[in-house]
Amino acid sequence: MSELAWLSLAACAGQLALAGLALARVGRSPLALPLSLLSIALSTWNFAHFAYGVSGEEGWRLVALSTTVMTAPCALHFILAFTGQRRRFAVVIYATYGIFGLFAAVALSALGSPWMAVRATSLTFARLTLALVTLLLGVGWGLLLLHLRRALRLEERIRTALLLLGLVLLVALPGTDLMADLGLNAPRLGTLGTLLGLPVMATVALRFHLFGKDLSSGSALYAVTLTVVGVLAYLVVFRLFAAEQGALVVGTAAITFALLAAARRGVSAFVTQRERLERLATLGRFSAQMAHDLKNPIAALKGAAQFLKEEHAQKRPWDDKGEFLDLLLEQVERLDRVVSTYQRLGRVEPLPRPLDMNRLVEDVLSLQAFAGYANVKFERALEEPLPRCAGDYDLLANALENLVRNACEAMPQGGTVTVRTQREAQEGAGVLVRVEDTGEGMDARTRERAFDEFFTTKASGSGLGLAFVRRVVEAHGGEVSLTSREGRGTIVSLRLPAPGAPEGAPAPGEGAPWPSR
């Protein structure tokens, strides 16, 4: 085999290792799926060049052409996920996969059709393919450059710059091979680009935590070991079936899928163990909170019952002990309210009553003096008069407390939390509640996933806070939105409908105990 074929095989192995690392995070990180698809496409491209160098079969050049086409939508998908615009441009992602998938299908269909082979290998088809790939990649590079310009944190700027470099090496340089096929005076740098781009992408994934802090050097070592085994298996298959192209394709495809499945299973084992510990920690914190809420009424019940038992043992009358019986009933009702509150917190089933949001905000902020945030200043900007909402006091108070707590935790060095209420501009449209902080802010990827269940950037977080807030507000027929920029703080806005409850209606919270936290 030539040196170029060996380089192509080495690049294929490296791309498979990167694909294995990414596959382990599919479903947990929005970056994992597009990066794994991109890595698989590039590994197939390098393998096709290796196979062509060994066998000389023209069919492998068609395989390389089809994978060149598919790298463009995979790269754009990855860039949109990295810049936090994946959901916003979901239709664009699907459309590009469909269009470029059609071009790739045309190239692959030429394997069994001489008529299609003539057209798929024509200069017109190659030029159109090159133009579309260049256009799509140009849009992607522009988005990355814009993100790099807007990033304020040094780590995010380094991460973005390395990704830009890595994607240029991995995706742009293979285009030089297509240009050479068009007869242009361009060196074939595709294999060299994938080899140089691999360490850059690996550095971003492991050193700069592209998928979070779940991947370790042990995971990387496992993926590399599997890749070495896979390369040896490829060489054995080529030695045995060099003259039988059909058996060669089937054998190499089987090895590739087996490697990807083993990489996903093995690397996932490292990640799953850590996630299981995090879920258990979350359950422990929830149990501790419930125990705290139940402890006081149980202690009161026990004390009253022990006192009455002692009075009964001393044969003393209970005629003047009515307050203890009242206490027992009161604490039983309190326990019932605590259990009901937790049930409603889990199911988010609001019990709407006329509600004064200004009163609720005052109640929540009045408790923050005891929350231990010494360096945080709390400010109120409450519009008067404010129309009454129909809401569940306990649920909305817990949601607002979650937002205030998040705002405080986003300012470890101290800052200001401002809670604003205002009537919407349109008469009777609703009430707006905004929680603003002067904290660290969120990057684009965190901002896009902020309301996802079990997503958290905190070492001790459960990932349920903002997701719970959204469920509560939507259960009341309202909407929640988030605005954040790195270094410029975060604003979470709640919009609640105001059906115009009568002013004389009692506000929830009057006479109702505040749920202990």
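The values are calculated or read from the model by the stated rules, or taken from the named source; none is laboratory data. On a predicted model such as this, the values are computed, not experimentally measured, just so you know. Ideal geometry is used to build each Cβ from the backbone, glycine not excepted, and the neighbour counts take in all protein chains shown.
When region 135-159 is filtered for residues that are surrounded by 14 or more Cβ atoms within 10 Å (Cβ to Cβ), of a type outside the set (Lys, Arg) and touching a residue at least 24 places away in the same chain (Cβ under 8 Å), the ones remaining, listed by number, are Leu136, Leu137, Val139, Gly140, Trp141, Leu143, Leu144, His147, Ala151, Glu156, Ile158. Residues that are hydrophobic (A, V, I, L, M, F, W, C), surrounded by 13 or more Cβ atoms within 10 Å (Cβ to Cβ) and at pLDDT 85 or above do not occur anywhere in region 450-457.
Number of residues in region 376-388 that are in contact with a helix residue (DSSP H, G or I) (Cβ under 6 Å, 6 or more places away or on another chain) and either in contact (Cβ under 8 Å) with a residue 60 or more places away in the chain or buried (at least 19 other Cβ atoms within 10 Å of the Cβ) (or both) equals 2. Could you list, in sequence order, all residues of region 329-354 that are at pLDDT 75 or above, over 29 Å from the mean Cα position of the chain (by Cα) and either closer than 24 Å to Pro499 by Cα or crowded, with 18+ Cβ neighbours inside 10 Å (or both)? Across region 329-354, the qualifying residues are Gln331, Leu351, Pro352, Arg353, Pro354. For region 106-128, indicate whether the set of residues that are in a helix (DSSP H, G or I) and within 25 Å of Met201 (Cα to Cα) is non-empty. No, every residue in region 106-128 fails to be in a helix (DSSP H, G or I) and within 25 Å of Met201 (Cα to Cα). Please determine whether any residue of region 63-85 is touching an Asp or Glu at 6+ places or on another chain (Cβ under 8 Å), in contact (Cβ under 8 Å) with a residue 12 or more places away in the chain, among the β-branched types (Val, Ile, Thr) and crowded, with 19+ Cβ neighbours inside 10 Å. Scanning region 63-85, I find at least one residue that is touching an Asp or Glu at 6+ places or on another chain (Cβ under 8 Å), in contact (Cβ under 8 Å) with a residue 12 or more places away in the chain, among the β-branched types (Val, Ile, Thr) and crowded, with 19+ Cβ neighbours inside 10 Å, so the answer is yes. Against the definition (over 27 Å from the mean Cα position of the chain (by Cα) and not small (Gly, Ala, Ser)), how does Pro199 come out, yes or no? The answer is no for Pro199.
In region 297-312, what residues are surrounded by fewer than 14 Cβ atoms within 10 Å (Cβ to Cβ) and of a type in the set (D, E, K, R)? Hits for region 297-312 are Lys302, Lys309, Glu310. The single condition among (1) surrounded by fewer than 19 Cβ atoms within 10 Å (Cβ to Cβ); (2) free of Cβ contacts under 8 Å to residues at least 40 places away in the same chain that Tyr373 does not meet is (1).
Restricting Leu35, Leu7 to residues that are surrounded by fewer than 22 Cβ atoms within 10 Å (Cβ to Cβ), at pLDDT 80 or above, among the aliphatic types (A, V, I, L, M) and in a helix (DSSP H, G or I) narrows the list to Leu7.
Is one or more of the residues making up region 400-412 exposed (fewer than 14 other Cβ atoms within 10 Å of the Cβ), part of a loop (DSSP other than H, G, I, E, B) and either free of Cβ contacts under 8 Å to residues at least 12 places away in the same chain or not β-branched (Val, Ile, Thr) (or both)? Looking through region 400-412, at least one residue is exposed (fewer than 14 other Cβ atoms within 10 Å of the Cβ), part of a loop (DSSP other than H, G, I, E, B) and either free of Cβ contacts under 8 Å to residues at least 12 places away in the same chain or not β-branched (Val, Ile, Thr) (or both).
Evaluating Ala48 against the criteria (1) over 30 Å from Ala444 (Cβ atoms); (2) assigned to a loop (DSSP other than H, G, I, E, B) leaves one unmet condition, (2).
Scan region 89-99 residue by residue and report those that are exposed (fewer than 12 other Cβ atoms within 10 Å of the Cβ) and not aliphatic (A, V, I, L, M). Result: Gly98, single match.
Would a scan of region 420-428 turn up a residue that is under 27 Å from Ala151 (Cβ atoms) and out of contact with any helix residue (DSSP H, G or I) (no Cβ under 7 Å at 6 or more places or on another chain)? Scanning region 420-428, I find no residue that is under 27 Å from Ala151 (Cβ atoms) and out of contact with any helix residue (DSSP H, G or I) (no Cβ under 7 Å at 6 or more places or on another chain), so the answer is no.
Is it the case, given these coordinates, that Leu123 is at negative phi, modelled with pLDDT under 85 and under 22 Å from the mean Cα position of the chain (by Cα)? No.
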